[in-house]
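Single-structure report; data block below.
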Amino acid sequence: MSLVNRQGGRHRQFAWLPALSLLIAAVGYGCARGQTEAETGKIVLHVADWGGASSDPNLNRFEQEVAAAWKRQHPDIQIVQEHIPGSGEYVPKLLTAFVARTEPDIISLDASSAAVFIDNHTLRDLTPLVRADGLDLSVYYPNVLHLAQRGPHLYALPADFTPMMLYYNKRLFDRAGVPYPRDGWTWADFLDACKRLTVWPRGASHPTQYGFLFENWMPGWIMWIWQNGGDVLSPNGRRATGYLDSAPTMEAVQFFTGLVQAHLAPTLSETQALGVDPFEAGQVAMKISGHWNLVGLKASERLRMEDIGVVGLPQNRRRVTVLYEKGYAITNGCKHPREAWEYIQFLSGPFVQQKMAELGIGISANRQVAESRRNLSPLEPVFLDNVKYGLAPWGARVENYAQVEDIGKEMIDEILVGGTPVRQALQDAARRIDAELGF
Amino acid sequence: MTISPPVRTKRRPSEMTGLWFILPSFLHLAVFSLFPIGFALVLSLYRWDVLKPDKPFVGLANYAHLLRDPFFWNALGNSAYYTVVSVPMGMALALGVALLVHQKLPGVALFRTLYYLPAVSSSVALAMVWTFLYLPGQGLFAWMLNTLGLRSWAQVDWLQSPSWAMPALIFMSLWTGLGPRMVLFLAGLAGIPEQLYEAAAMDGASRWESFRYITLPLLLPTTFFILVTSSISAFQVFTPIYMMTRGGPVRHTEVIGYHIYNQAWRQFHMGMASAQAYVLFLLILAVTILQFKIVSKRMEEYSLQ
Amino acid sequence: MIRASLSYLLMLLLALFTLLPFAWMVVTSLHPSHGALPTPAHLFPKQWHGENYRAVLNMTATPFLRFLFNTVVVAACVVAGQLLLCSLAGYGFARLRFPGRDLLFFLFLATMMIPGQVTMIPAFLVVRSLGWLNTYWALIVPGLSSAFGIFLLRQFFLTLPKELEDAARLDGCSDFAIYWRIGLPLSAPALATLAAFAFIATWTDFFWPLLVTSTTEMRTLEVGLSLFKDSFGTTNWPLQMAAAVLVVCPALLVFLLTQRFFVRGIALTGLKG
């Protein structure tokens, strides 16, 4: 036994290690689920939104006012806001939360990714709640409300939205002696303006001013295809061959990529060399964007609001634009659907809508609120009058649309950077999309 | 009648005790390794989208699809490119460094420790630092190129360039992978008896000759071990791609590890992802067997000497 | 003599190359948050902006202290688990005989060759169905035993002289008592090595915690750091570097304190051809 005793002392130094770990684990388990502790008696609702914690004082003030107003009306329902930062991270992180069953109660739903959430059975159908409360849905723009509808089922109450419009720099137009774009103008008018607004001094390696800013962001260029009568997918959203590689689509892609190839719009590397926002810097005369752009431009020091004009997109065979919208949805895992319903009605209701519209990021989906702001600025009526031309983005209907957009972006890169002929690039992309969607 | 002692038909106690000793680890292995390996094969025969209620059996459809999927082959190709370049280069570098620090010079232990630092540091933090180093114009490498007068090279956006993104990642992997490989080579070098070198020196062999005819052959087992383990982990590389390029630009750095992650945890197609993982597994197995065959042939040659 | 100085020169250059990213990380973290980035010409800022660190620690979207707590809990439990389970199994494989012993050991070894992608998907689904997603269980239990650890400790236990065992058996000790009172204490260096490896491996583990955690409160340091990078619209490099320094330091510290175990540990495994 002497042998054992001599060694026995050394082993005792290990004995505390498992015990300590178990203690830590036990303490840790107590905090295992990691949900915010509810103040006693209150119901807690977790609301997810995109964008990191903001440094914009207007946005922060808005959130505080909304929170204060809610607290006055419903002191027993506590709202916990979760911001999910990172571009392109919102949808994957939320889906991960759904898989892990740690999803929030309410989510902000972007129309261009609505299908992902709806088709994965993550959102609660609001129609029974609408019927029970007799909510009048006609207060919303119909084509905006439709974005979150699937037949008779409604999955989100709309908050704000925007059609995509064309912004132009009046000063640059004046300087070139080009008349401002008229409502209902055509591709021919647009091309002519581009040519006259591109300034390429003799001997310079590239233009010092461009007519148009082309951004390889599919949500921003798919409208050209629609306006020419083409599309990227079949009506049921399952096939690209026969649509993406059809003649009208090809013409449209030829048209807008041709702008870059003719140096009427800067290439990707030239855009990067120009800096953060070439339109704001007065280096491009026109760009396509949504209502949100007004916020940044208002704060700009280089461009005055009087110099900015907005007009509907130039048309060809059709006059259309696309609508991007944000709404609020209740998740299926929400344990307090009634309270969540109260909250999203509040968010979608006139009080919050008015405050949100004042921020200027989007147009309120509530028609009355939106129309009441018609005359507050010369640009607002232009947005409002183009809403009726707005179509739903594919992402509201097709679950895997994000992959289609990835392939679409690569396709344009192949044409502009790789020099692939348009027909071949479209056919290759169509085949790849079919492989992704068909499976 | 003679009385014979009772025949013990029971096993000796220690024969079963051993099983008790390994039981906890075996249970753990069963749940987290053995069962998953089988379940992954089953999964690969289904369309298993985690959030959707129906998960139909699709047989070999997943495999048929991935064989025709250009993105899958692109990912495998990228992984092959990464492995074939980073592993031999990394091993050569590690061997060189090992030879350097194998010498009995004072303070050598300090250098050994230093070279191991990247291997134990947070791979996420290192990815962030290297992204910063690779910044065009502002990064440290850009500054160095500028100082050397290579101004146009200083403007290259390494991680966004289709031709340079992968080499940039490979270069970084040499830096992070140096430590463990170096230590393994050191262990191998320590196993070579000194007398061999002394005998060779007496026979008039040059340093290069003793390296080529003593060191290299006797290091073969170690080299093989490092080759296999480095290749396997190179095929599974994930964190640098996730943090630095997300598979871009235009899928030029989308390696198979990242591709499978995307399938399984971004798009939640777990059946398809499992099928892809199995194909990867078979590929790694084939490569390892190939490496084994090549090395054992070499080992035979040397033991015949 | 020349060879020695040349060797030192090379080693020094290599050391510089190794340390450069770390040094750059630290230097940048001390620069002003929205100012110019350092160059070797302007290495140090006029003022050392230590407040970057405070800013990082105060970020509510990425609470680093909570991440630290989570990581410590997980690492401690995993290390404790591996020390116990791997030593038991290693001892069993090394010093006890039982039917199928060598086959089972080979099975353990073979699983080390399976790529992670194969096992992680089903493991994730298993953990999910157990309701363990986003809890400490998911982070700890899969790491409680490792084939590498078993291999390491088996190698060590094989080196113990049989006489110790025989003497103890004569004294009437059971197998478990021999393991607990003789084998384990003698294996302290090997255990320390395993502890060092397991600690660093768990501390720097990224992929699995990324998969199984979904709320901020449960994230580990590595995952939290990756989220930190997302939190910025335009990248704020000094803050990012400060966060990186915070995450790297504890593991580096542990490594420096235990570094001799790493060299020895790898040597123990590498010698098997």
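Of the residues C:Leu160, C:Leu152, C:Leu194, which single one is in a loop (DSSP other than H, G, I, E, B) and touching a residue at least 60 places away in the same chain (Cβ under 8 Å)? Answer to the check: C:Leu160.
Under the condition of being at the interface with chain B (Cβ under 7 Å from one of its Cβ atoms), in contact with a Leu (Cβ under 7 Å, 6 or more places away or on another chain) and assigned to a helix (DSSP H, G or I), the residues counted in region C:109-134 number 4.
Scanning region A:147-173 for residues that are farther than 30 Å from A:Val295 by Cβ and surrounded by 15 or more Cβ atoms within 10 Å (Cβ to Cβ) yields a total of 1. Looking only at region A:411-423, residues that are of a type in the set (D, E, K, R) and farther than 14 Å from A:Leu244 by Cα come to 2 in all. When region C:199-246 is filtered for residues that are of a type in the set (Phe, Trp, Tyr), touching a Gly at 6+ places or on another chain (Cβ under 9 Å) and more than 8 Å from every other protein chain (Cβ to nearest Cβ), only C:Trp208 remains.
Mind checking which residues of region C:91-103 are within 7 Å of chain B (Cβ to nearest Cβ) and either assigned to a helix (DSSP H, G or I) or surrounded by 15 or more Cβ atoms within 10 Å (Cβ to Cβ) (or both)? Hits for region C:91-103 are C:Tyr91, C:Gly92, C:Phe93, C:Leu96, C:Phe98, C:Arg101.
For every residue, the table says whether it meets (1) surrounded by fewer than 17 Cβ atoms within 10 Å (Cβ to Cβ); (2) without any contact (Cβ under 8 Å) to a residue 24 or more places away in the chain; (3) assigned to a helix (DSSP H, G or I); (4) within 19 Å of the chain's Cα centre (by Cα).
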site: A:Pro92; (1), (2), (3), (4): no, yes, yes, yes
site: A:Leu95; (1), (2), (3), (4): no, no, yes, yes
site: A:Ser108; (1), (2), (3), (4): no, no, no, yes
site: A:Ser113; (1), (2), (3), (4): no, no, yes, yes
site: A:Phe117; (1), (2), (3), (4): no, no, yes, yes
site: A:His121; (1), (2), (3), (4): yes, no, no, no
site: A:Arg131; (1), (2), (3), (4): yes, yes, yes, no
site: A:Ser138; (1), (2), (3), (4): yes, yes, yes, no
site: A:Leu145; (1), (2), (3), (4): no, no, yes, yes
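Looking only at residues in region A:163-211 that are in a helix (DSSP H, G or I) and of a type in the set (Gly, Ala, Ser), the one that is farthest from A:Glu270 (Cα to Cα) is A:Ala188. Count of region A:284-315 residues, restricted to those that are out of contact with any Pro (no Cβ under 6 Å at 6 or more places or on another chain), at pLDDT 90 or above and either among the hydrophobic types (A, V, I, L, M, F, W, C) or within 21 Å of A:Asn216 (Cα to Cα) (or both), is 16. Within region B:14-25, the set of residues being under 21 Å from C:Ala123 (Cα atoms) and at the interface with chain C (Cβ under 7 Å from one of its Cβ atoms) comprises B:Pro24, B:Ser25. Which of the residues belonging to region A:301-325 are β-branched (Val, Ile, Thr) and outside any loop (DSSP other than H, G, I, E, B)? Matches in region A:301-325: A:Ile308, A:Val310, A:Val311, A:Thr321, A:Val322. Given C:Ala23, C:Ala4, which one is without any contact (Cβ under 8 Å) to a residue 60 or more places away in the chain, within 7 Å of another protein chain (Cβ to nearest Cβ) and surrounded by fewer than 19 Cβ atoms within 10 Å (Cβ to Cβ)? Checking each option against the conditions leaves just C:Ala4. Does B:Ala80 satisfy the criteria of being farther than 30 Å from B:Val250 by Cβ and part of a helix (DSSP H, G or I)? For B:Ala80, the condition - farther than 30 Å from B:Val250 by Cβ and part of a helix (DSSP H, G or I) - is not met.
Evaluation of C:Ala251 against the conditions (1) at pLDDT 90 or above; (2) closer than 30 Å to A:Lys93 by Cβ; (3) assigned to a helix (DSSP H, G or I) shows that the sole unmet condition is (1).
Okay, residues lined up against (1) outside the structural domain of A:Gln354 (by TED's automatic domain parsing); (2) in contact with a Gly (Cβ under 9 Å, 6 or more places away or on another chain):
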{"residue": "A:Tyr155", "(1), (2)": "no, yes"}
{"residue": "A:Ala188", "(1), (2)": "yes, no"}
{"residue": "A:Cys194", "(1), (2)": "yes, yes"}
{"residue": "A:Thr198", "(1), (2)": "yes, yes"}
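Selection within region A:424-436: residues that are buried (at least 20 other Cβ atoms within 10 Å of the Cβ) and away from every other protein chain (no Cβ under 11 Å). The member of this set that is nearest to A:Ala247 (Cα to Cα) is A:Leu426. Please indicate, with yes or no, whether at least one residue in region B:194-203 is under 30 Å from C:Leu109 (Cβ atoms), not polar (S, T, N, Q) and not in a helix (DSSP H, G or I). No: zero hits. Going through (1) within 14 Å of another protein chain (Cβ to nearest Cβ); (2) touching a Leu at 6+ places or on another chain (Cβ under 7 Å) one by one, A:Glu414 falls short only on (2).
This table checks each residue for (1) of a type in the set (Lys, Arg); (2) within 14 Å of chain A (Cβ to nearest Cβ); (3) in contact with a Lys or Arg (Cβ under 8 Å, 6 or more places away or on another chain).
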position	(1), (2), (3)
B:Lys52	yes, yes, no
B:Arg68	yes, yes, no
B:Val87	no, no, no
B:Val101	no, no, yes
B:Lys104	yes, no, no
B:Tyr115	no, no, no
B:Ser121	no, no, no
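Checking B:Leu145, B:Leu178 one by one, the residue that is assigned to a helix (DSSP H, G or I), of a type in the set (A, V, I, L, M) and modelled with pLDDT of 90 or more is B:Leu178 and no other.
Given B:Thr288, B:Thr223, which one is farther than 23 Å from B:Asn78 by Cβ, of a type in the set (Ser, Thr, Tyr), within 11 Å of chain C (Cβ to nearest Cβ) and assigned to a helix (DSSP H, G or I)? Every option except B:Thr223 fails the conditions.
Residue under question is B:Leu110, and the condition is that it be under 30 Å from B:Arg181 (Cβ atoms), surrounded by fewer than 17 Cβ atoms within 10 Å (Cβ to Cβ) and either within 24 Å of the chain's Cα centre (by Cα) or not hydroxyl-bearing (Ser, Thr, Tyr) (or both); does it hold? Spelling it out, B:Leu110 is indeed under 30 Å from B:Arg181 (Cβ atoms), surrounded by fewer than 17 Cβ atoms within 10 Å (Cβ to Cβ) and either within 24 Å of the chain's Cα centre (by Cα) or not hydroxyl-bearing (Ser, Thr, Tyr) (or both). For B:Leu126, the conditions (1) in contact with a Ser or Thr (Cβ under 9 Å, 6 or more places away or on another chain); (2) more than 20 Å from C:Leu19 (Cβ to Cβ) are fulfilled apart from (2). Among residues of region C:157-194 being crowded, with 17+ Cβ neighbours inside 10 Å and among the acidic types (Asp, Glu), the one that is nearest to the other protein chains (Cβ to nearest Cβ) is C:Asp175.
The values are calculated or read from the model by the stated rules, or taken from the named source; none is laboratory data. Nothing here was measured: the structure is a model prediction, and the numbers come from that model. As a convention, Cβ positions derive from the backbone with ideal geometry for all residues, glycine included, and neighbour counts pool all protein chains shown.
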